[in-house]
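Everything below concerns the one structure shown next.
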Amino acid sequence: MRKYNVAIAGATGAVGEELCRVLEDLDFPVGNLVPLASAKSVGMDIEFKGKNYKVLELTKSVFEEKEIDIAFFSAGGSISAKFAPFAAEAGAVVIDNTSHFRMDSDIPLVVPECNATDISAWKNRGIIANPNCSTIQMVQILKPLDDVFDIKRVDVSTYQAVSGAGKEGMKELVTQMQDFFAFKLDESKIEKFQHQIALNVIPHIDVFEDNDYTKEEMKMVNETQKILHKNIEVSATCVRVPILRSHSEDITIHFNSPVDADKAREILRNSPSIVVVDETGKNEYPMPIISTDTDETYVGRIRKDLYDDTILHLWCCADQIRVGAATNAVRIAQKWIETES
Ligand SMILES: NC(=O)c1ccc[n+]([C@@H]2O[C@H](COP(=O)([O-])OP(=O)(O)OC[C@H]3O[C@@H](n4cnc5c(N)ncnc54)[C@H](OP(=O)(O)O)[C@@H]3O)[C@@H](O)[C@H]2O)c1
């Protein structure tokens, strides 16, 4: 079987480290692994399959020098904007985890369970975009339900983990909790989030746009429509909560036809990458402690609206660093290999 030289730009970050784990877990056919980061991380060791790989500096020429076939990018939007075109020019396919290219009309935005065939458009610019972490788990659920019941509108509220803001986001929550137990929370630094995140809930992720929605909320709207190739009405409220890992979402789905909760449960049970946990009699439903460190999206609390038989409510959780970033990116790479061979 052919092996591929793989670069990870942002290898020392939350998503980059997880990419290494997922490549190993899914037994991806890696030839040479080339971890890339900023100058300050050069020489650090990244472990992959029991072997250490030295971090190199991300430069314009490294992709050509190292004969990279697949370049995962997770070093921030401005870094992707600057360096991804050089990786593509050097002949690599870029799989980009940032928001930079997602809404470009000639760049495919892919969740393999939903729109794998869009991958063929990678040839336009050599780049495939990975959607926002909150969008991925939601569309994995919406797609199979839409195929059967025809979705008109979605209202979603998210409960997003601090690791969505990278390693520094996790550090800030942990430090503030330690300061709380040391009776000095009032001295704790607030840097990654707009307010204290320990013992708090912040209904504000990314910047506000002119329409009073945040950029994070508008990503869920625009990306859902692009991935599902359908102008579903979406309204999102994105909220940061003081947990380390796994995003949760409360989703209300309006269909164009009456919906049946048992049938919806059955459809989701048979859908790829979805696990239904919905035994309320046994207090069983998805929670971040169940989804963390897994590659599945967990869905439960599936119930019909009390007043309108075309509306369904449900709750889901997924590890946003795996399902919402690294695993989705590696699954795209697996499909890309299938498409190209
Ligand atoms: N965290 C999530 O749940 C998640 C989910 C989906 C998408 N994303 C997206 O993925 C990207 C990375 O997120 P993250 O959470 O992994 O952030 P992170 O933990 O802060 O890691 C950032 C990475 O980018 C590298 N980097 C920063 N500046 C660089 C530069 N000038 N040149 C080369 N490398 C540079 C850092 O390297 P150094 O260590 O050398 O600074 C580090 O490896 C962001 O665009 C984010 O929006 C994140």
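Every number in this text was worked out from the coordinates using simple rules, so none of it is lab data. Quick caveat: nothing in here was measured; it's all calculated off a predicted structure. Using ideal geometry, Cβ is built from the backbone for each residue, glycine included, and neighbour counts are taken over all protein chains shown.
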Notebook entry, point to check: Once all Cα-Cα distances of the range 70-190 are split into 10 Å bins that start at 0, what whole-number percent is in each one?
Noted result: 12, 31, 27, 19, 10, 2
Item checked: Radius 10 Å from Cβ of Cys238, net charge of other residues (Lys, Arg +1; Asp, Glu -1) -> -1
Next item on the list: Give me the net charge of Gln320's neighbourhood, meaning all other residues with Cβ under 11 Å from the Cβ of Gln320; Lys, Arg count +1, Asp, Glu -1.
Entry: -1
Checklist line | Compactness of the chain, expressed as Rg and Dmax over alpha-carbon positions, Å | finding: 20.2, 62
Next item on the list: Could you let me know the centre-to-centre spacing of the range 68-90 and the range 214-279, using Cα atoms, in angstrom?
Entry: 29
Check: Arranged from highest to lowest average of other beta-carbon atoms within 10 Å per residue, in what order do the peptides 278-291, 53-66 appear?
Finding: 53-66, 278-291
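Tell me, what is the Rg over Rh of the range 134-320, with Rh the Kirkwood radius over Cα pairs?
Ratio of gyration radius to Kirkwood radius for the range 134-320: 1.01.
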Item checked: Estimated inter-spin distance, Arg265 and Leu199, nm [label 7 Å along Cα→Cβ] -> 4.0
Margin query: Need one number: nm distance between label points at Leu185 and Met1, each 7 Å from Cα along Cα→Cβ, rounded to one decimal.
Written below: 4.9
Next item on the list: Taking a cut-off of 28 Å between Cα atoms, list the lysines near Lys184, but don't count ones fewer than 8 places away on the same chain.
Entry: Lys167, Lys171, Lys192
Margin query: What distance in nm lies between label points placed 7 Å from Cα along the C-beta direction at Lys167 and Glu284?
Written below: 3.8
Next item on the list: Can you check what the net charge comes to around Thr158, using other residues whose Cβ is under 10 Å from the Cβ of Thr158 (Lys, Arg +1; Asp, Glu -1)?
Entry: -3
Notebook entry, point to check: How big is the range 1-78 by the Kirkwood estimate over distinct Cα pairs, in Å?
Noted result: 12.4
Notebook entry, point to check: Which of the peptides 119-129, 173-183 is most tightly packed, and how do the rest follow, judged by the mean count of other Cβ atoms within 10 Å per residue?
Noted result: 119-129, 173-183
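Compute for the range 57-115: radius of gyration divided by Kirkwood radius, i.e. Rg/Rh, restricted to C-alpha atoms, rounded to two decimals. Intermediate values should be presented prior to the final figure.
Numbers: Rg = 11.6 Å, Rh = 11.9 Å.
Radius of gyration relative to Kirkwood radius: 0.98.
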Item checked: Computed lengthening from Val42 to Val174, 0.36 nm per intervening residue step minus Cα-Cα distance -> 44.8 nm
Check: Once you charge only the Cβ atoms, +1 for Lys and Arg and -1 for Asp and Glu, what is the size of the charge dipole of the chain about its Cα centre, to the nearest 20 debye?
Finding: 620
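Could you check how many percent of all C-alpha pairs in the range 210-341 are farther apart than 26 Å?
The proportion of pairs with Cα distances above 26 Å equals 29 percent.
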Notebook entry, point to check: Looking only at Gly50, Gly164, Gly324, which one moves most when the chain is put into a Gaussian network model with springs between Cα atoms under 10 Å?
Noted result: Gly50
